[in-house]
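See below for the structure under consideration.
Any read-out appearing in this document is the output of simple, stated calculations on the displayed coordinates, not a laboratory observation. From a predicted model like this one, the values you see are computed outputs, not experimental measurements. We place every Cβ from the backbone using ideal geometry, glycine too, and count neighbours over all the protein chains shown.
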2 protein chains.
Amino acid sequence: MSLISVGTMAFDAIETPFGKVDKIVGGSGIYVAYAASNFVTPIQQISIVGYDFPQEEMDQLKKRGVQLEGVEIVPDKKSFFWSGKYHVDMNTRDTLVTDLNVLADFNPVVPESYQGAEFLMLGNLAPSVQLSIINQLTTRPKLIVMDTMNFWMEIALDDLKAVLKKVDVLMVNDGEARQLSGEVSLVKAAKTIMEIGPAFLVIKKGEHGALLFHKNHVFSAPGLPLEEVFDPTGAGDTFAGGFIGHLAKTKDISFENMKTAVIVGSALASFCVEKFGPNRMKEITKADIDARLGEFVQLVNFDIDVVA
Amino acid sequence: MSLISVGTMAFDAIETPFGKVDKIVGGSGIYVAYAASNFVTPIQQISIVGYDFPQEEMDQLKKRGVQLEGVEIVPDKKSFFWSGKYHVDMNTRDTLVTDLNVLADFNPVVPESYQGAEFLMLGNLAPSVQLSIINQLTTRPKLIVMDTMNFWMEIALDDLKAVLKKVDVLMVNDGEARQLSGEVSLVKAAKTIMEIGPAFLVIKKGEHGALLFHKNHVFSAPGLPLEEVFDPTGAGDTFAGGFIGHLAKTKDISFENMKTAVIVGSALASFCVEKFGPNRMKEITKADIDARLGEFVQLVNFDIDVVA
């Protein structure tokens, strides 16, 4: 079951209370690919990189079943670069540098060989780019999942709303859900956002887990309490990759199965934060993932019969 | 199965974005009594009030099975008074007034008729008062649950640690757990705090739910996503009352049953915030509680078999 993933492939410089790296591969497309490829192949990648992006990384992705025909390589420009520093609580960070480089000219063309994909993951990008991808697809995918961020709400709200009308699932964090809806209550925020377009809304709450809304239903996934969060970079994209990877594998887009997908995404994200960048995502096995899923079952399992 | 509850009975003035009340009955002992009496009677109350505390409130409590022999009435002083104003997000508040009044002289004496109680709820009070209660009991209760707050960590840390060595369950919020332990990670904070004394730790996270720690086990209870939080006052005490009420009813203090107790406490707290002060707690029925517990089951229920 093929899955198109659109997102950045980049370099990050990251500083956390536990250490720093000056240059590590990152970007939403990288994290989605590493997470989703645990469940489904091929991942049909759409992205743009500069002359400096390592061939070794490309080769690793190919080995995992990631197709790179849709990744444009610009020979005379550098790859997108982001630098950030996390605060002590790891829930907040300051962006130090954003060098768009190749991303400034990102006008992706969907390869002919990608047409017919049943699942589409739109990573956080300019809404106009996200919309262009949707419009290029000759057959509408069975499921379109979209990530975005507060930045686009501030400078491209109309474009953002146009994309929202065309997607099935929106993923944002709690602050972004409140900003987009103008509502403090996440329940009210969810109703307002779903009225714009998406039938499903995932609200990511970092260490506090995630909420999945659909019609009048809500599902709460816990965050796995971790002894150490080493580097949160990419956790949200990893969540997205696990979420859509599970759905693409099972070909079941019911609310019931999306609940499971939220748990799968949470489990994958809990690995991502254990090492810098995507390093941990390159190591984990199917057995690691199954064990972690078992921890999530234990984490929320309770017996209520005794009360009634 | 009798349960001793020690806590304040007071007047509150509360302002939220939805309205204000100048004088409403409140205090930790009130909320614990209303919550716990849904599950077990008698509640053997220990508190102190002034001449101004309404007889009508006393009568309502008696009707619910709350024994008041341990409630001292000071004829020439006013009851404890607290006034607070909530911020728009309802997660934070400013304390405007704290008039200790009778609470300044609170040296509770455990009535002889209360001796032999199997469950003890120590509401948030000076640690020296909490310790005095424990020391007056001729038979150690089967379970001692303790609430506290950051204030006591700042001015009475040694006393607080002395009480911690004698209790089974500590309840604090996430900020307090971090402050008490000096650890940012809640998992590390829990280990540090349990090493001081309590075998169980409940970390309350407001709208994000609660965590229960015991040895190497952890359980995550969700917060029920609510369309409107009208007044959070007393939600933590209501949680405590539901928690210990369920345990006292079932007489089962295993980790497994404490998980259920955390859900029961969360369900009760989700009612508390629906109206000002304890008003909603006076209305709800057993059927309301059972329906709400059903919502919690739905909220976290997922099928993971499909993944493995």
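Overall, segment A:167-253 carries a charge dipole of about 420 debye about its Cα centre when +1 sits on the Cβ of Lys and Arg and -1 on the Cβ of Asp and Glu, all other atoms neutral. When B:Ser185, A:Ser254, A:Ser270, A:Ser28 are arranged by Cβ crowding within 10 Å, least crowded first, meaning fewest neighbours, the order is A:Ser254, B:Ser185, A:Ser270, A:Ser28. Annotation: Cα Rg of segment B:1-109 relative to the compact-globule expectation 2.2 N^0.38 Å equals 1.11. Average projection, convex hull of the Cα set of segment A:142-271: 7.6 square nanometres. Dipole orientation for segment A:1-57: of the candidates A:Thr8, A:Ser37, A:Gly19, A:Ser37 has the Cα lying most toward the positive pole (charges on Cβ; Lys, Arg +1; Asp, Glu -1).
Only helical runs count toward this figure. For chain A, summing -39,500 (n - 2.57) over DSSP H runs of n ≥ 4 and dividing by all residues gives -11000 deg cm²/dmol at 222 nm. Choose one of B:Phe119, B:Thr98, B:Ser79: the residue whose Cα lies farthest towards the positive end of the charge dipole of segment B:55-125 (beta-carbon charges +1 Lys, Arg; -1 Asp, Glu; about the Cα centre). Checking the options against the dipole of segment B:55-125, the answer is B:Thr98. Report the far tail of the P(r) of the protein assembly as shown, meaning the percent of Cα-Cα pairs longer than 35 Å. Pairs farther apart than 35 Å: 43 percent. Across segment B:70-76, rounded Karplus estimates of 3J(HN,Hα) from the backbone phi angles (6.51 cos²θ - 1.76 cosθ + 1.60, θ = phi - 60°) give x, 9, 7, 10, 8, x, 10 Hz, Gly and Pro being marked x. Could you give the longest part of chain B that holds none of the trypsin sites (Lys or Arg not before Pro) found in DSSP loops with at most 11 neighbouring Cβ atoms within 10 Å? Formally, the longest exposed-site-free interval is B:1-164.
Each of A:Leu100, A:Leu170, B:Leu131 was scored by other Cβ atoms within 10 Å of its Cβ. Arranged with the fewest first, they read A:Leu100, B:Leu131, A:Leu170. The mean sequence distance of close C-alpha pairs (under 8 Å, at least 6 residues apart), as a share of the length of segment B:69-120, puts its relative contact order at 36 percent. Summing Cβ point charges (Lys, Arg +1; Asp, Glu -1) relative to the Cα centre of the protein assembly as shown gives a dipole of roughly 800 debye. Within the protein assembly as shown, antiparallel bridges make up roughly 40 percent of the DSSP beta bridges whose residues both belong there.
Membrane-span-like helices in chain B, defined purely by DSSP H runs whose alpha carbon atoms cover 24 Å or more axially and whose average Kyte-Doolittle hydropathy reaches 0.0, are B:255-272. The alpha-carbon atoms of segment B:203-308 define a convex hull whose volume equals 120 cubic angstrom per residue. Within segment A:133-178, the percentage of alpha carbon pairs spaced more than 11 angstrom apart rounds to 70%. Across segment A:45-178, Cα-Cα pairs farther apart than 18 Å form 63% of the total. Dimensions of segment B:1-42 along the principal axes, based on C-alpha atoms and rounded to the nearest Å, stand at 40, 17, 10, largest first.
Does segment B:115-156 come out rounded, prolate or oblate, given a ≥ b ≥ c as the square roots of the eigenvalues of its C-alpha gyration tensor, rounded meaning a/c under 1.5 and, failing that, prolate meaning a/b above b/c? Here segment B:115-156 falls in the prolate category. Stokes-Einstein diffusion for segment B:16-64, with the hydrodynamic radius set to the Kirkwood value over Cα pairs and evaluated at 20 °C in a medium of 1.002 mPa s, equals 173 µm²/s. Distance between the C-alpha centres of segment A:230-258 and segment B:21-42: 43 Å, rounded to the whole angstrom.
If only the Cβ of Lys and Arg carry +1 and only the Cβ of Asp and Glu carry -1, the dipole of segment A:11-144 around its Cα centre is close to 340 debye.
For segment B:154-220, the mean projected area of the C-alpha convex hull, equal to one quarter of the hull surface, is 4.2 nm². Near B:Gly209, the amide H atoms lying under 5 Å from its own belong to B:Gly223; only residues 5 or more places off or on other chains count, and H is placed 1.01 Å from N. By definition, a body whose alpha carbon gyration tensor gives a ≥ b ≥ c is oblate when a/c is 1.5 or more and a/b is not larger than b/c, and segment B:40-96 fits this oblate description.
For segment A:164-294, the antiparallel share of DSSP beta bridges with both residues in that region comes to about 65%. Neighbours of A:Arg64 by Cβ distance under 12 Å: Lys/Arg scored +1, Asp/Glu scored -1, total +1.
Considering chain A, its Cα convex hull presents a mean projected area of 16.0 nm².
Ranking of A:Ile46, A:Ile196, B:Ile134 by neighbouring Cβ atoms within 10 Å, starting from the fewest: A:Ile196, B:Ile134, A:Ile46.
With the simple model of a label 7 Å out from the Cα in the direction of the Cβ, B:Lys215 to A:Ala287 spans 2.5 nm. Counted over chain B, the DSSP beta bridges are approximately 40% antiparallel.
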